[in-house]
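*Asks:* Take a look at the following structure, please.
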Amino acid sequence: MRRPIGIFDSGVGGISLLKAFRRILPAVNLLYYADSGHCPYGGKPREAITERAIAITDFMLAREAKMVVVACNTATIAAVETLRESYPLPFVGMEPAVKPAVATSRSGIVGVLATGAALAGDKFHKLLAQHAGGVRIITQPCPGLVECVERGDLSGEEPRALVQRYTAPLIAQGADVLVLGCTHYPFLRPLIADVVGPKITLIDTGEAVARQVQRVLEREGLLEKLDAAGTIE
Ligand code: DGL
């Protein structure tokens, strides 16, 4: 039996990673858990998010997952360290793509769009201290966007008004790169690109996470070398 990789998010956001997973890890079985009953995580305290991450990891273990991917910036920042301390399993998490954004910016000003809980986390502040260098990072919590994505509204009036409201101050301050620091936001990429225009670069972490999963699977001797395509459940 091919043991799956467990992947979870507060809802459908982590599905934005699956294309990259399929391309980079075609033979791996993927088990996706959308915690829709508790979405959004972005306004919840750290303890509540950690409790969900533990409950979902227990579910993944019962399904014999060989690794867990926290396909959620908010849950990674809140809980991945606790998960790593508590389970004998490899975990791959994700954080807003500050490092590549800093390398890309020419204006020296980067905007980070993410949830309030992600932007408030210690782990996020450490990330900034490590990678911002001389670049000015402006953070912007985006309440309401996750809810739009959850109900499949990717281009209507409400998400457009929210995207306008959240991105305008960043661009007015000179940001030329915006980090999509929540796995729900890549579903809004066409709308965000339309609102901010072609001079602004948008960055997310889907590819990078799939590559990191591949490296960890190889390191742990857990990567199948099979031809048969993996399943997605
Ligand atoms: N998709 C999640 C993230 O990457 C969070 C969404 C939520 O607020 O639940 O941060």
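*Asks:* Can you tell me which residue within region 18-37, out of those that are out of contact with any strand residue (DSSP E or B) (no Cβ under 7 Å at 6 or more places or on another chain) and either open to solvent by less than 10 Å² (accessible area, probe 1.4 Å) or aliphatic (A, V, I, L, M) (or both), is farthest from the ligand (Cβ to nearest atom)?
*Replies:* This residue is ALA27.
*Asks:* Here's a check for you: in region 38-52, which residue that is of a type outside the set (Ser, Thr, Tyr) and away from the ligand (no atom under 12 Å from the Cβ) is farthest from VAL68 (Cα to Cα)? Before you say what the answer is, go through the steps one by one.
*Replies:* Initially, region 38-52 is screened for residues of a type outside the set (Ser, Thr, Tyr), giving 38-40, 42-49, 51-52.
Those still in the list that are away from the ligand (no atom under 12 Å from the Cβ) too: 45-47, 51.
Values: PRO45: 22, ARG46: 19, GLU47: 19, GLU51: 16 Å.
The residue in question is PRO45.
*Asks:* Let me ask something else. Determine if region 22-41 includes at least one residue that is in a helix (DSSP H, G or I) and free of Cβ contacts under 8 Å to residues at least 60 places away in the same chain.
*Replies:* yes
*Asks:* Does VAL70 satisfy the criteria of being modelled with pLDDT of 95 or more, closer than 27 Å to GLY121 by Cα, surrounded by 22 or more Cβ atoms within 10 Å (Cβ to Cβ) and in contact with a helix residue (DSSP H, G or I) (Cβ under 7 Å, 6 or more places away or on another chain)?
*Replies:* Criteria met by VAL70.
*Asks:* Continuing with the same structure: Please pick out the residue among GLY144, GLY108, GLY152 that is within 16 Å of the ligand (Cβ to nearest atom) and either open to solvent by less than 30 Å² (accessible area, probe 1.4 Å) or aromatic (Phe, Trp, Tyr) (or both).
*Replies:* Numbers: GLY108 fails: within 16 Å of the ligand (Cβ to nearest atom); GLY152 fails: either open to solvent by less than 30 Å² (accessible area, probe 1.4 Å) or aromatic (Phe, Trp, Tyr) (or both).
From the options GLY144, GLY108, GLY152, the qualifying one is GLY144.
*Asks:* Would you be able to tell me the number of residues in region 62-105 that are part of a helix (DSSP H, G or I), within 15 Å of the ligand (Cβ to nearest atom) and out of contact with any Asp or Glu (no Cβ under 7 Å at 6 or more places or on another chain)?
*Replies:* Looking only at that region, the number is 6.
The values are calculated or read from the model by the stated rules, or taken from the named source; none is laboratory data. Bear in mind the structure is a predicted one, so any value in this text is a computation, not a measurement. Virtual Cβ from ideal backbone geometry, glycine too; neighbours counted across all protein chains shown. Heads up: the accessible areas ignore ligands, DNA and RNA and are worked out on the full protein's heavy atoms, side chains in. Shrake-Rupley method; radii C 1.70, N 1.55, O 1.52, S 1.80 Å.
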